[in-house]
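Student: Quick one: the structure is below, questions incoming.
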Amino acid sequence: MTSAAEVRRRQPRRIFRDRTEAGQVLADLLEAYRDRDDVIVLGLARGGIPVAWEVAAALRAPLDAFIVRKLGAPGHEEFAVGALASGGRVVVNDDMVRALKITPQQLRDIADREGRELSRREAAYRGDRPPRDVAGRTVILVDDGLATGASMFAAVQALRDAEPARLVVAVPAAPESTCREFAGLVDEVVCATMPTPFFAVGESFWDFTQVTDEEVRRLLTTPTTRHQAPAAPTAAQIVGGVAVEAPAGVPPQVALEELIGDARIVLIGESSHGTHEFYAARAEITKWLITAKGFCAVAAEADWPDAYRVNRYVRGLGEDQTADAALSGFQRFPAWMWRNTVVAGFVDWLRAHNRDRRSDDRRQTGFYGLDLYSLHRSIDEVITYLDTVDPVAAERARARYACFDHACADDGQAYGFGAAFGAGPSCEGEAVEQLIEMQRDAANYVQRDGPVAEDELFYALQNAQTVRNAEEYYRTMFSGRVSSWNIRDRHMAQTLEALLAHADRGRDADAPARIVVWAHNSHVGDARATEMAGDGQLTLGQLVRERHNDQVRLIGFSTYSGTVTAASEWGGPAERKVVRPALPGSIEDLFHATGKPAFLVPMPAVPAADPLEAVRLGRAIGVIYQPATERQSHYFHVRPTDQFDAIIHIDQTRALEPLEVTSLWIAGQTPETYPSGL
């Protein structure tokens, strides 16, 4: 039987619309070869020609076809045992030939047949034109992808005989192992994507229609060198032309007004959990949303109980007298994510703002958490609430939640491991029963005096919901990353909907509550515009967009280089680490090339649509930063115009300062002066 997880793993991770877009992505990665007289681009016919044409046109280099024919196994022609390249070069996989017991005569017959087809194609594609001379030239050899690499290997061997000065292999998609193999055979390998697991080249494309001979002929006769024509604006120049200056990451109010309009939900991201400028600019934008647009709640990627303690503080409730004290609930790794100087300053501002609102008997703005890591703390909060309103129900809750006692206190992963692998009981039934009972009895509990009592009931109900969802999350996290990720983002979306409904109490229908969300770009952005959608991954931004449509705005942040507060491993101490310059071909690299220090780019922003609609790498630094494996650990492919409604780029940024600064954080990290990693 095929499991749901296996089906998800086999779903294609489609990245490129078609070969044309794949070529444009490759061209960005090969920009260093633009306008060089020694460069020639060769496309492997037929599938590689549309990709190669885009590369050649962008580099303003001549284009030619290089023809390779696979030598297919008898009876299984789709399975290559070798290849025949232009110039008569034959490459054979001897191991495959022996394993399949292919005789020398069979191999000769296959080579003769494919040789005739190769000659036919060369005549059809070029006519009377001879192949371009590549001796002493820089040759960029392009295909639409690599699987086993047999065809490309034959092409490389044949071209080596022609003595080019430099040989570059460039493909949109290939297995990492194949890319590494070719890195030892040629001067440079550019693999735009390396899907894992890799099933087939076509699975990286939405449109992988077979290329015809007529299409190849047309492209080979369409000029790619236009040295006499005025140079077209670069992608960076186009983006720079529509960028709105945003000093320190804060756009002017006119630009914010145009972007936000009447949106009810604004999600503001961050491309790291430890960048000062992201937090500071987000706080300033949020102050404007609260004071100018009437937003009544901040919902953060934070645990519900810890954030609610802050909510009490900003409303003048509870026992905490300082922002530091109100934020002291954030003890779980990574504490600096919310216990930092920027958040503390914002919390104090919000407390003062609400104090003024109370004096005029106006609605106050709350601070809430959307996350679900607080399994055991939420259990304690449910019981504490019931002890005050229904002691008998509190005893029932204790009995149900005692199921979790076998795990270490406040260690949801320990519970999940035990439940997933039979080392402990599953508490799913108990968590669900407790939630249902509280929801059933809510009407009775709400009959207490004043809105504060209703707020406390809402707080307790959300804790019970968090226990139920956290139980599922921890139990699922050992069965697959995507499953647990989706549970978490669905919980965030569910909590946001509950907050909207709670905040709408007593409001006019024509003036609904408006909420701003603080979370990482990877949650705020629309997953459908990223390569992760191929794995079935959802995001909060996608879910909210699907439900509220044009009432939602998604705003991302990006940076090119600087420093960041992050750990080197999960649970490790906060370090001040150097952020490497963004990789070529990334959205951050494109924004850096504009030469502007900080700006807003609305999406889509005509005429910037083309460069921002193309697939590009996007960087995501969470609470862990691993520069040695920068490419694999922190980049994924995105389509910016569909991922966000706007991106704010701050070219140089610095590390977020924790409230508890350690000697390790102060020491920082010595900038690296050498490249390493992929």
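The values are calculated or read from the model by the stated rules, or taken from the named source; none is laboratory data. Computed from a predicted model, the values in this text were never measured in an experiment. Quick reminder, even Gly has a Cβ in these numbers, built from the backbone with ideal geometry, and neighbours come from all protein chains shown. In case anyone asks, the SASA skips ligands and DNA or RNA and just uses the protein heavy atoms, side chains included. Shrake-Rupley method; radii C 1.70, N 1.55, O 1.52, S 1.80 Å.
Student: Can you confirm whether region 632-641 contains a residue that is hydroxyl-bearing (S, T, Y), more than 30 Å from A263 (Cα to Cα), surrounded by fewer than 19 Cβ atoms within 10 Å (Cβ to Cβ) and under 14 Å from the mean Cα position of the chain (by Cα)?
Tutor: Yes; the residues of region 632-641 include at least one that is hydroxyl-bearing (S, T, Y), more than 30 Å from A263 (Cα to Cα), surrounded by fewer than 19 Cβ atoms within 10 Å (Cβ to Cβ) and under 14 Å from the mean Cα position of the chain (by Cα).
Student: Sticking with this one: Tally time: how many residues in region 176-214 are assigned to a helix (DSSP H, G or I) and of a type in the set (S, T, N, Q)?
Tutor: Total satisfying the criteria: 3.
Student: I need the full set of residues from region 246-296 which are of a type in the set (A, V, I, L, M), over 14 Å from I555 (Cβ atoms) and without any contact (Cβ under 8 Å) to a residue 60 or more places away in the chain, in order please.
Tutor: V254, A292
Student: Of the numbered conditions (1) farther than 22 Å from D306 by Cβ; (2) under 38 Å from the mean Cα position of the chain (by Cα); (3) at pLDDT 90 or above; (4) not hydrophobic (A, V, I, L, M, F, W, C), P425 fails exactly one; give the number of that condition.
Tutor: Failing condition for P425: (3).
Student: Give the residue, chosen from A335, A297, A302, A307, that is over 22 Å from A464 (Cα atoms) and of a type in the set (G, A, S).
Tutor: A335
Student: A further question follows. Of everything in region 91-129, what is over 12 Å from P74 (Cα atoms), small (G, A, S) and touching a strand residue (DSSP E or B) at 6+ places or on another chain (Cβ under 7 Å)? Give them in sequence order.
Tutor: Passing the criteria: only G115.
Student: Restricting region 33-61 to residues that are open to solvent by 30 Å² or more (accessible area, probe 1.4 Å) and in contact (Cβ under 8 Å) with a residue 24 or more places away in the chain, which is nearest to the chain's Cα centre (by Cα)?
Tutor: E54
Student: Does region 353-378 hold any residues that are open to solvent by 10 Å² or more (accessible area, probe 1.4 Å) and in a helix (DSSP H, G or I), and which are they?
Tutor: H353, R355, D356, R357, R358, S359, H376, R377
Student: Residues in region 532-547: is at least one crowded, with 24+ Cβ neighbours inside 10 Å, of a type in the set (G, A, S), in a helix (DSSP H, G or I) and assigned by the TED database to the domain that holds R264?
Tutor: Yes - at least one qualifying residue is present in region 532-547.
Student: When you go through (1) under 21 Å from S522 (Cβ atoms); (2) open to solvent by 10 Å² or more (accessible area, probe 1.4 Å) one by one for W304, which number turns out not to apply?
Tutor: It is condition (2) that W304 fails.
Student: Quick one: which of V638, V615 is more than 25 Å from M337 (Cβ to Cβ) and of a type in the set (A, V, I, L, M, F, W, C)?
Tutor: V615
Student: Of all residues in region 379-420, which are outside any helix (DSSP H, G or I) and at pLDDT below 70?
Tutor: If the condition is that a residue be outside any helix (DSSP H, G or I) and at pLDDT below 70, then A407, C408, A409, D410, D411 are the ones that fit.
Student: May I pose another question? Scan region 322-338 for residues that are of a type in the set (S, T, N, Q), open to solvent by 40 Å² or more (accessible area, probe 1.4 Å) and more than 18 Å from T365 (Cα to Cα) and report the count.
Tutor: Final tally of qualifying residues: 1.
Student: Among S483, S522, S558, which is the only one that is crowded, with 18+ Cβ neighbours inside 10 Å, in contact with a Ser or Thr (Cβ under 9 Å, 6 or more places away or on another chain), in the same structural domain as A431 (by the TED database) and small (G, A, S)?
Tutor: Result: S483 is the single residue among S483, S522, S558 that is crowded, with 18+ Cβ neighbours inside 10 Å, in contact with a Ser or Thr (Cβ under 9 Å, 6 or more places away or on another chain), in the same structural domain as A431 (by the TED database) and small (G, A, S).
Student: So, in region 160-191, how many residues would count as being modelled with pLDDT under 85 and open to solvent by less than 10 Å² (accessible area, probe 1.4 Å)?
Tutor: Qualifying residue count for the region: 0.
Student: All but one of (1) in a loop (DSSP other than H, G, I, E, B); (2) touching a Phe, Trp or Tyr at 6+ places or on another chain (Cβ under 9 Å); (3) surrounded by fewer than 19 Cβ atoms within 10 Å (Cβ to Cβ) hold for H273; state the number of the condition that does not hold.
Tutor: (3)
Student: Just a yes or no: is a residue in region 215-229 part of a helix (DSSP H, G or I), surrounded by fewer than 19 Cβ atoms within 10 Å (Cβ to Cβ) and either in contact with a Cys (Cβ under 9 Å, 6 or more places away or on another chain) or modelled with pLDDT of 90 or more (or both)?
Tutor: yes
Student: Now, a different point. Quick one: in region 14-23, which of the residues that are buried (at least 24 other Cβ atoms within 10 Å of the Cβ) and at pLDDT below 90 is nearest to G618 (Cα to Cα)?
Tutor: Among residues in region 14-23 that are buried (at least 24 other Cβ atoms within 10 Å of the Cβ) and at pLDDT below 90, the one nearest to G618 (Cα to Cα) is I15.
Student: Only one of (1) under 21 Å from P172 (Cβ atoms); (2) crowded, with 21+ Cβ neighbours inside 10 Å; (3) not hydroxyl-bearing (S, T, Y) fails for A147. Which number is that?
Tutor: Answer for A147: the failing condition is (2).
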